[in-house]
Every structure is written in C-alpha cells, then in structure tokens.
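Some notes on the structure that comes next.
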Amino acid sequence: MSCEFSSTTVHGYFDGELDAARSVEFERHLEQCSECQATLEGIESLRRTFQRSNLYEPASDALRERVMKNVGLSSIGSARPAPYTRPWFFAAAAILLTVAAFATAFLVSRRQRNSYRITAEVIDAHVRSLQPGHLTDVQSTDQHTVKPWFDGKLDFIPPVADYSKDGFPLVGGRLDVIDGHDVAALVYSRRKHLISVFVWPERQQGEGLGRGGARQGYNWRSWQSGDMRFCAVSDAAAADLDQLKALISP
Amino acid sequence: MLPHLDSAANLARWLLRNRADSEDVVQEAMLRAYKFFATFHGGDARAWLLQIVRNSCYTWLEKNRPSELATEFDEEMHKPQTATPETLATQADERRRLMVALESLPARAREVVVLRELEDCSYKEIGEITGMPIGTVMSTLARARERLRRTLTSSAAKEAS
C-alpha cells in the first residue's frame, strides 16, 4: 500500500507541528502504514541518539568574557581572590568538592527522574485530552462559568481568567490526575493549537520539576505563583507558552 | 541578550564546524545585535538574535570557505534501510559518529537540524531564523534526518564488520 501522506508529514507529526485535527487524522493513518511507522521509529531513534550524545556547545567562559567586555558590561566575579597556598586547604577543598559532587549528582538524578516522570504524566494527560470528548468537562469561554465549576470538585480553587484579547481564548476546564493528586486543567487555544494549563497547590518546593522543555514534540513550562504550581503543555511554540505564562503570572 | 549567548555560540559552532572561528563570529554578531537592538520590535528575542548570528556565519563562510555553501543535497534516492541507528551503535562511538554525520550535512540542512534537535526551536522559529518558508523547513528537516540516519547506520555497520 502506498502512503497517501507526504513523506514529510510524519516529521511534522513527530515535532508536534500538525494541528490537533490533522494530528489525529495522521495517528489513524499511522496504525496501518508500515512505511510511516518505520520512518517514525527512525526519527525517534535519532532523537534519542541526539539526547544521549549531548552535542550542545554552550558559550565558553572566554567567549562570555569577551562579549561582556565588548558590549561594555563589567563581568561579574572577575576579581579573583588571593590564591591559597597552604596544602591542608587543598586537601580539605578536595574532600569537600568530592562530597558535594556526589551529593549533587544524587540529588540531581533523583530530581531528574521525578521531573521526567511528572512531565511524562503531564504530557500524557494533555495528549489524552486531545482525543474526542476528553478535552473539557466544562466548556465555556467565560471565566465566571469555569471557575465556579471547580468549586467542590477540588480542595482548592484555581485562578481562572480568559485572555482572548491577548490571543489566548479560554476554551474550558477539566479535572485531571497528576502524580496521584487531583489537579485542575484549564484549556486555552492559541491559533490552531490547544494548551493545557495544569494547576495544583505546591506541595514541595519546585515539585521536582524543571522550568520547561520539550518531549515527544510537546513543549512544556512549569512555574510557581503564589502557593500554586502551574504546568503548561502544548504543541504550540515554546514562545507562546512563555507568553501565556506571563499573562497568568505577570 | 546575554541569556541567549549559549544558543548563539552553539549555532555558530555547528555552522562553522570550528570553535575558534565561531567565537570570533559570535562576538561580532553580538556587537551587531547590540547596535541594531533598536530595530528589534519585540517578539522572540532568541530567534531575532539567532537570525543575526546565522547571517554573520553565512557572510563569514562566503568570504572564507565559499565552497561549503555550494554543497547541496544529492538527489540520489537510496533504498530505505530498516535498521535504526540505535540498534547498531555502541554508546562509546555513538557521539563521535553523530558529530561526523552532522558535520557532513550541507550547511542549510545542518542549521535546521541544530535548531530543531539541539536548540528545540519550532518550525516557525526556524523559518524566522533561516528565512525559509515553513514547508521548506519541514522538507529540509525530513531529508536531513533521513541522511543522518543513513550515515549513522552505514558507519556503524562498517565499523562493526
């Protein structure tokens, strides 16, 4: 069977660049098209290779220094303290550094695992919501309808506002479960993309979540405001999520 | 603008395939960005800066290594292979192989891959930075990924035999 989609569509799908309707359409096609399945597998494998290889090359300290000097900013912390010469100082410093490195590695890896698990859950919840009939439990563009709807269903009231005039109209809200807890999910649309904003009371500092990233072609942003934790997920551009974040928590 | 210095350095490093040259170009591009900051009318600051960096890289390539810009994709079609790069590669060589494969891509394909896979840009942002229409971004990315996958599988198979 020859494939009715162009060979690039699967890339658009993988990168989360298809609109919701087309994405669903393609998913249906994918179930039957071994050609697209093989291509998708190849792209996924390549992405994992990129992630493992870590080819990102950030600016070196030397470059940063040069640029700062050039644009007339004084570099922070460039004044070096007098060098320490006593040997015991080096020994103590070495031990401290080793201990600190191990502790950090342990904490970071635990944090990353946590963050990985929660972001995977959040993205899954968003993807699930895109299936027909799962998007919203209360469908309304009126914040005064959506907000009271949560009353009594959760042990907190999420902040709900409509940002139509800024290009993020409110679509509705629903209940979801993240990390074993009930959370509120607000749905906004951005051009043809849908954005889920999950809200729950912050239980521990940072919730083990990073500030944002991309996974499976979805972008996500997480932040804290007041005593609430927000996590926005969408196939919309990361810049759009940042804009929405600025609207919700100015 | 300094928050995006890492992005600028990374893009230039992969476009010029050389750290020393790329640092000179980035420094110059950052100066230009500061000078032209008045022309920035809000929006995506990273895309705006990367656009300047990218143009500086191309100007530099035109002057110093014009032959590199002449390389385009060959149109030859290859039989699709079923092996994924992962099944053949061992972790130790993987990174080096990916680096070689990425650097062997034509500049215009390489930048799209770097922006997508390393910089996590959307197609729209890539279009903004490179001046390509979104459709071209998608087709370039598709071909570049296919090429990378082929290079990775064949180089891994060669080393294994």
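Brief remarks follow.
- Selection of segment A:195-223 for residues being within 14 Å of chain B (Cβ to nearest Cβ), open to solvent by less than 10 Å² (accessible area, probe 1.4 Å) and under 11 Å from the mean Cα position of the chain (by Cα) yields only A:Gly217.
- The residues in segment A:151-178 that are of a type in the set (D, E, K, R), outside any strand (DSSP E or B) and farther than 15 Å from A:Met228 by Cα can be counted, and the count is 4.
- Each residue in segment B:102-158 was checked for being surrounded by fewer than 24 Cβ atoms within 10 Å (Cβ to Cβ), more than 9 Å from chain A (Cβ to nearest Cβ) and of a type in the set (D, E, K, R), and 7 pass.
- Among (1) part of a loop (DSSP other than H, G, I, E, B); (2) open to solvent by 30 Å² or more (accessible area, probe 1.4 Å) - the single one A:Pro148 does not satisfy: (1)
- Strands (runs of 3 or more DSSP E) wholly inside segment A:182-250 containing at least 3 residues that are modelled with pLDDT of 85 or more and closer than 25 Å to A:Leu18 by Cα: A:193-201, A:218-225, A:228-234
- Answer from A:Ala62, A:Ala100 - the residue that is modelled with pLDDT under 90 and either outside any loop (DSSP other than H, G, I, E, B) or surrounded by fewer than 16 Cβ atoms within 10 Å (Cβ to Cβ) (or both): A:Ala100
- Restricting segment A:1-36 to residues that are outside any helix (DSSP H, G or I), of a type in the set (Asp, Glu) and out of contact with any Cys (no Cβ under 9 Å at 6 or more places or on another chain), the residue that is least open to solvent (accessible area, probe 1.4 Å): A:Asp15
- Output for segment A:224-250, where each listed residue is within 23 Å of A:Leu135 (Cβ to Cβ) and away from chain B (no Cβ under 11 Å): A:Met228, A:Arg229, A:Phe230, A:Cys231, A:Ala232, A:Val233, A:Leu244, A:Lys245, A:Leu247, A:Ile248
The values are calculated or read from the model by the stated rules, or taken from the named source; none is laboratory data. Computed from a predicted model, the values in this text were never measured in an experiment. Glycine also receives a Cβ, built like all others from the backbone with ideal geometry; neighbour counts cover every protein chain displayed. Accessible surface is based on the protein model in full, side chains and every heavy atom, while ligands, DNA and RNA are left aside. Shrake-Rupley method; radii C 1.70, N 1.55, O 1.52, S 1.80 Å.
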